[in-house]
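Any read-out appearing in this document is the output of simple, stated calculations on the displayed coordinates, not a laboratory observation. These figures come from a predicted structure and were not determined experimentally. Here Cβ is always computed from backbone atoms with ideal geometry, including for glycine, and neighbour counts include all displayed protein chains.
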């Protein structure tokens with residue numbers, strides 16, 4: 001379901017970091033990392049984050065700049081990495097790949113024209129989470145003792161599961177699918193300069209007078225990452241018709257149409273692949289010298305690019321006491 005569609009339906013309000021003190025949030029790692037990666041690429045000379053052998057590790061700058069925000073506000077992140085791509089999502093993955101390839105062609109044209117402004121904008125759009133970025137992100141998290149979980153499939157589904165069973169207080173993602181996966185509370189805008197937003201599932205369902213199952217049916221009618229929706233059906237129409245006909249099958253029967261793989265999509269939201277193989281209840285014990293050495297020596301990031309970020313990390317842990325987890 002498109003972000004605009006779900007935002008039109010979801011109950012979302014701004015919250016302050018004071019309201020979140022001392023809580024745990026399962027963060028959609030790819031979602032969070034991609035935003036800091038693209039921002040770093042957009043505003044940083046590529047020579048700064050490119051190693052002597054040509055490997056790009058802008059993610060390391062982004063992580064060191066982004067992590068302090070959690071610790072400074074006594075908000076503990078548990079990062080959740082995507083696993084394998086769900087077969088139903090293959091069309092969406094292909095669509096995103098084609099968009100990136102188109103942006104890469106435009107980037108080359110901009111460089112040939114000497115249009116540095118357009119090139120900087122397009123560089124951010126062509127970023128992808130390479131194997132090197134995946135490896136170095138985990139490597140830095142290991143040295144900082146920042147907990148992370150390997151999801152078997154969709155990261156946002158794993159985040160929602162952990163929030164639903166109470167292992168964390170919130171899911172954290174810019175994607176609205178956490179709502180459909182049943183996360184009671186989702187924090188958004190964790191990478192923005194202002195306060196975060198809180199998306200509330202129970203309030204959303206109450207305001208719409210729908211069950212979670214019906215909300216998923218609404219999303220399928222509009223279209224999700226896993227299926228094409230019904231042409232001309234937006235969120236308001238979908239809600240109205242689900243209420244009128246009871247569920248997805250009632251709407252499709254009434255319209256005399258079908259959605260391929262609809263049952264599989266429903267089951268993916270109701271019972272997604274998740275793991276219970278994770279632990280993150282030990283005190284955080286970061287090895288800052290090792291983390292700094294990893295970033296600046298092993299991966300050749302200039303010290304002045306990350307010095308302030310590491311200072312903020314150390315200050316945040318000291319001030320908020322996140323090294324005293326219980």
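For this structure, a couple of remarks:
- Value in Å of the Kirkwood radius, where the range 209-273 supplies the Cα pairs that are averaged: 11.6
- Highest-first arrangement of 42-52, 66-76, where packing means the average Cβ count within 10 Å: 66-76, 42-52
- Highest-first arrangement of 169-175, 225-231, where packing means the average Cβ count within 10 Å: 169-175, 225-231
- Each part reduced to its alpha carbon centroid, the range 166-229 and the range 132-160 end up 21 Å apart.
- Taking the convex hull of the alpha carbon positions in the range 144-243 and averaging its projected area over all directions gives 8.0 nm².
- For the range 195-326, the calculated P(r), taken from all Cα-Cα distances in 5 Å bins from zero up to the bin holding the longest distance, is 2, 8, 13, 12, 10, 8, 6, 7, 10, 11, 8, 4, 1 percent.
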